Amino acid sequence: MESCLPIKEKERYKLGNPKSLHYLNQSNCYELVGVSDAHDYLTTKRAMDIVGISQKEQDAIFRVVAAILHLGNIDFAKGEESDSSILKDEESKFRLQMTADLLMCDPHALEDTLCKRVMITPEEIIKRSLDPHGAAVSRDGLAKTIYSRLFDWLVDKINLSIGQDPSSKCLIRILDIYGFESFKTNSFEQFCINFTNEKLQQHSNQHVFKMEQEEYTKEEIDWSYIEFVDNQDILDLIEKKPGGIIALLDEACMFPKSNHETFSQKLYQTFKDHRRFIKPKLTRSDFTIVHYAGEVRYQSDQFLDKNKDYVVAEHQNLLSSSSCSFVAGLFPSLSDKGAKSSKFSSIGSRFKLQLQHLMDTLSSTEPHYIRCVKPNNFLKPAIFENISVLQQLRSGGVLEAVRIKCAGYPIHRTFDDFLNRFRSLAPEVFEGNYEEEVACKKILEKMGLTDYQIGKTKVFLRAGQMAELDARRASILGISAKVIQKHIRTHITRKMFVKKWKASIHIQSFWRGELARKLYKLMKREIATVIIQRDLRRHLTRKAYIRIKLSTVVLQTGLRSMVARIEFRYRERTKAAIVIQANWRCHRAFSDYKKLKKASIILQFRWKVRIAKRELSKQKMEAIKAASPVIREPSHSDIDAEKIETLTMEVENLKALLWAEKQRADECERKYAEAQITNEERRKKLEETERLVHQLQDSFNRMTNSMSNQVSELKMILSTSNLSSISGNFTGEDQIEFISSDSDSSSSSSDFTFPAPTSPTFPSVKPSPFQLIIQDISAAELSGFESERAFDDFF
């Protein structure tokens with residue numbers, strides 16, 4: 001609703017996104033393909049204008065609807081007492097305030113109405129607090145009550161705008177109902193809908209089947225009673241009073257401690273032996289009814305709540321005191337006696353009374369049934385699901401009606417209608433002045449029909465007999481028409497001949513000269529006609545030739561352009577393949593260069609490390625030799641202090657250099673280890689690839705051998721078959737020999753390699769660029785693997 005309202009109304013109602021509204025987000029469906037909410041909103045407003053709903057009333061309607069949506073988002077929490085409830089959060093307080101503003105009532109009174117209940121006793125008035133669940137039930141009950149009153153007001157307003165004459169005796173009405181419903185979860189709504197379908201099905205049975213048999217009885221014809229499926233026992237199970245399901249449901253609703261489980265146990269106990277009632281296994285509250293269309297399983301957990309339809313006195317008083325005249329008009333104040341009598345009313349009982357009133361109306365009219373069949377569940381044309389269509393026909397009683405019609409006398413005509421239609425079949429009957437019944441019987445006997453019945457006022461025929469009589473009648477009428485046409489044509493021809501003969505005598509006597517002139521003109525016109533025809537044929541022939549020539553030129557142009565485009569595409573693909581090959585070879589050469597460069601660097605690095613180690617060893621030895629006299633003679637006076645300091649600095653430098661060389665050596669060893677791991681992984685991949693290549697080669701060899709065997713068998717079959725009449729016209733013989741010879745050569749070759757099999761006997765075909773690329777890449781990968789293996793062997 002929020003997406004289709006104008007900006008001013010959005011700000012006034014403050015509804016927000018539909019996903020945030022409790023009464024709109026239950027189905028998780030907010031948009032439909034091909035449906036515009038804004039367009040529907042404007043269409044609804046225009047429709048309200050047409051039926052006479054004023055702008056003020058429209059505004060009040062939208063205010064009430066917005067109040068219902070706000071009311072659904074009011075949540076409750078436990079109060080200080082265990083059985084009391086308060087508003088859950090600030091969101092609920094905001095929704096309560098908006099509901100009160102839209103309904104124009106006191107917000108504190110609205111909160112008390114939702115959270116508390118007033119009980120009137122002879123001694124005092126008790127105000128009892130509701131728990132959060134009870135407050136939520138009271139909230140939903142208030143929303144349902146407001147919506148129900150608003151819907152009733154709209155229906156009354158629309159009926160008043162139609163201008164129907166209540167005193168009219170002739171009415172045409174349409175009752176539209178889909179049919180039996182059976183879903184995964186079936187509640188009280190599906191129960192009422194299926195109850196309605198049972199009632200309508202019984203009326204259809206009475207109207208079609210029972211009336212048909214009553215017609216047989218009234219006409220006193222010899223017939224046997226035709227049995228059909230009667231659903232009176234299902235209706236007794238549902239609506240019988242006392243003891244029916246609706247009566248037991250009303251009884252359970254009037255006891256305060258009853259729940260859906262006690263109601264279900266009562267049903268199990270009452271109808272345990274009823275053939276239309278089934279108690280499902282592994283359940284404590286579900287029950288199944290065998291309807292006319294099939295079994296439907298109902299879940300009774302909400303039957304009691306949905307069957308109760310009573311207006312809470314606090315809700316009535318609150319809304320009747322609203323400052324909005326529209327809201328107060330929806331809830332007129334009730335007298336004490338009326339309030340007491342309407343304290344509780346059953347939806348099921350009221351629905352049963354309305355349904356009975358509908359059946360009484362149907363019984364007093366002349367109904368005509370139209371069975372609509374849903375062809376498929378995809379909402380697409382020209383698609384019929386046979387199982388679904390057959391089930392609908394069976395559940396709607398169509399197949400049963402056809403069976404009853406075929407079993408009885410589906411065609412019955414009055415004597416007068418029958419004689420007027422088929423009097424041409426036996427015209428001699430009408431010359432004897434027979435009675436109508438005898439005349440009808442003589443006509444049927446003359447036609448050789450049997451198994452028909454003659455009633456008091458009607459003729460009863462079996463299925464197909466009327467079509468046979470119509471065929472005989474059409475044949476006789478056709479023959480009679482031909483005779484009449486023959487005599488009329490003879491008369492017309494004779495009359496025309498006399499006229500022509502008289503005219504010819506007159507012309508021969510008085511107008512011979514005029515005839516000669518006319519004959520001359522006729523001959524001259526004939527010659528001119530021949531000339532015109534000759535020129536016209538020449539013109540048409542030349543025009544056709546030019547058209548064919550132009551078509552040929554266009555066709556040749558198209559073929560040449562197509563050949564040129566094919567050649568151009570082939571050249572472009574060849575160029576692209578060459579470019580890809582060149583790039584791939586460049587990439588491969590560059591990769592080999594990088595590998596060689598990397599190997600050279602590692603080799604140089606290791607060689608430098610070895611030289612550094614040797615140099616370090618030499619420097620250590622020299623340092624030890626130079627420092628040894630100092631150690632042997634620490635007190636010698638001729639040792640130069642400056643030399644000692646120089647040697648000490650050199651030793652420190654050598655230590656630092658040794659540490660750096662050790663780090664380099666460790667880094668080189670780590671990189672060498674990583675290179676060995678990488679080479680080992682590549683070697684494993686290469687072995688796996690070689691294994692797959694050998695497997696594919698073996699598979700291909702086996703397939704080649706199998707093909708050669710099949711070709712050999714085919715050749716044997718062809719050699720043994722004596723088909724001399726068509727051997728000269730068989731064009732595939734050379735192809736079979738070619739395949740067999742190639743298969744033999746393939747199977748005999750021992751050095752076959754994969755993936756490029758050779759077939760020298762095939763005609764030369766230009767390889768596609770993609771094949772060239774694949775061959776080049778496969779060769780490059782094999783050469784890359786060999787270079788990596790050589791690198792591993794080197795190290």
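The values are calculated or read from the model by the stated rules, or taken from the named source; none is laboratory data. Values in this document were obtained by computation on a predicted structure and should not be read as measured data. Virtual Cβ from ideal backbone geometry, glycine too; neighbours counted across all protein chains shown. Please note that ligands, DNA and RNA were not included when accessible areas were found on the heavy atoms of the full protein model with its side chains. Shrake-Rupley method; radii C 1.70, N 1.55, O 1.52, S 1.80 Å.
Answer rounded, prolate or oblate for the range 445-602, using the Cα gyration tensor with square roots of eigenvalues a ≥ b ≥ c: rounded when a/c is under 1.5, else prolate when a/b is larger than b/c, else oblate.
oblate
When the dipole is taken about the Cα centre of the range 402-523, and only Lys, Arg (+1) and Asp, Glu (-1) are charged at their Cβ, what size is it in debye, to the nearest 20?
1260
Describe numerically, in nm with one decimal, the distance between label points set 7 Å from Cα along Cα→Cβ at residue 55 and at residue 501.
9.3
Express in nm, to one decimal, how much length is gained between residue 152 and residue 445 on full extension, taking 0.36 nm for each residue of separation and deducting their alpha carbon distance.
Net length gain for the segment: 99.1 nm.
If a paramagnetic tag sat 7 Å from the Cα of residue 605 along the Cα-Cβ line, which residues of the range 663-698 would have the backbone N under 18 Å from that point?
663-680
Compute the accessible area per residue over the range 551-630, keeping the other protein chains in place, probe 1.4 Å, unit Å². Please report the intermediate quantities before stating the final value.
Numbers: 6580 Å² over 80 residues.
Per-residue accessible area for the range 551-630 comes out at 82 Å².
In debye to the nearest 20, how big a dipole does the range 506-655 give about its Cα centre with +1 on each Lys and Arg Cβ and -1 on each Asp and Glu Cβ?
2940
Among the listed pairs 14/144; 620/662; 502/524; 184/281, which have their C-alpha atoms separated by more than 23 angstrom in this model?
Details: 14/144 21 Å; 620/662 15 Å; 502/524 28 Å; 184/281 16 Å.
Checking Cα-Cα distances, 502/524 exceed 23 Å.
Using r as the Cβ-Cβ distance of residue 675 and residue 705, and R0 as 60 Å, what FRET efficiency do you calculate, to the nearest 0.05?
With a Förster radius of 60 Å, E is 0.85.
Which one of 589, 561, 607 has its Cα pushed farthest toward the positive end of the charge dipole of the range 540-611, where Lys and Arg give +1 and Asp and Glu give -1 at the Cβ?
607
At a 1.4 Å probe, what is the % contribution of carbon and sulfur to the accessible area of the range 192-321?
49
Starting from the Cα-Cα distance between residue 537 and residue 549, subtract it from 0.36 nm times their residue separation and give me the gain in nm to one decimal.
2.5 nm
Applying a 10 Å radius around every beta-carbon, put 257-268, 459-470 in order of their mean neighbour count, most first. Provide the component values of the computation, followed by the final result.
Details: 257-268: 15.8, 459-470: 17.4.
The most tightly packed comes first, giving 459-470, 257-268.
Shape call for the range 473-559 from the C-alpha gyration tensor, a ≥ b ≥ c root eigenvalues: rounded (a/c under 1.5), prolate (a/b greater than b/c) or oblate?
Because a/c hits 1.5 or more and a/b fails to exceed b/c, the range 473-559 counts as oblate.
List the residues, sorted by chain then number, that are 5 or more residues from residue 186 or on another chain and whose placed amide H is less than 5 Å from its amide H.
Placed amide hydrogens put 299 under 5 Å from residue 186.
Express the accessible area of the range 449-512 per residue in Å², computed with a 1.4 Å probe while the remaining protein chains stay in the model. Present the calculation step by step, with values, prior to reporting the outcome.
Details: 4910 Å² over 64 residues.
Result: 77 Å² per residue.
Residue by residue through the range 551-563, what is 3J(HN,Hα) from phi via Karplus (6.51 cos²θ - 1.76 cosθ + 1.60, θ = phi - 60°)? Round to whole Hz and write x for glycine and proline.
4, 5, 4, 5, 5, 4, 4, x, 5, 5, 5, 5, 5
Can you give me the distance in nm between label points at residue 36 and residue 215, each placed 7 Å from the Cα along the Cα-to-Cβ direction?
5.2
Give the calculated FRET efficiency between residue 181 and residue 437 to the nearest 0.05, with a Förster radius of 41 Å applied to their Cβ-Cβ distance. All intermediate terms of the calculation are to be shown ahead of the outcome.
Details: r = 51 Å, r/R0 = 1.23.
Calculated value: 0.20.
Tell me whether the range 209-304 comes out rounded, prolate or oblate; compute the Cα gyration tensor, take square roots of the eigenvalues as a ≥ b ≥ c, and use a/c under 1.5 as the rounded threshold.
prolate
What is the dipole size for the range 454-521, taken about its Cα centre, with +1 at each Lys and Arg Cβ and -1 at each Asp and Glu Cβ, in debye to the nearest 20?
The dipole magnitude comes to about 300 debye.
What FRET efficiency, computed as 1/(1 + (r/R0)^6) with R0 = 56 Å and r the Cβ-Cβ distance, is obtained for residue 320 and residue 387, rounded to the nearest 0.05? Kindly include the intermediate steps, with their values, before the conclusion.
On the way: r = 55 Å, r/R0 = 0.98.
In this case the efficiency is close to 0.55.
Pop a pseudo-label 7 angstrom from the Cα along the beta-carbon direction at both residue 471 and residue 77 and give the gap in nm to one decimal.
With each label placed 7 Å out from Cα toward Cβ, I get 8.5 nm.
Would you mind telling me the share, in percent, of accessible area of the range 453-608 contributed by carbon and sulfur at probe 1.4 angstrom?
66
Work out how much length residue 565 to residue 529 would gain on full extension: take 0.36 nm times their residue separation and subtract the Cα-Cα distance, in nm to one decimal.
So the extension gain works out to 7.7 nm.
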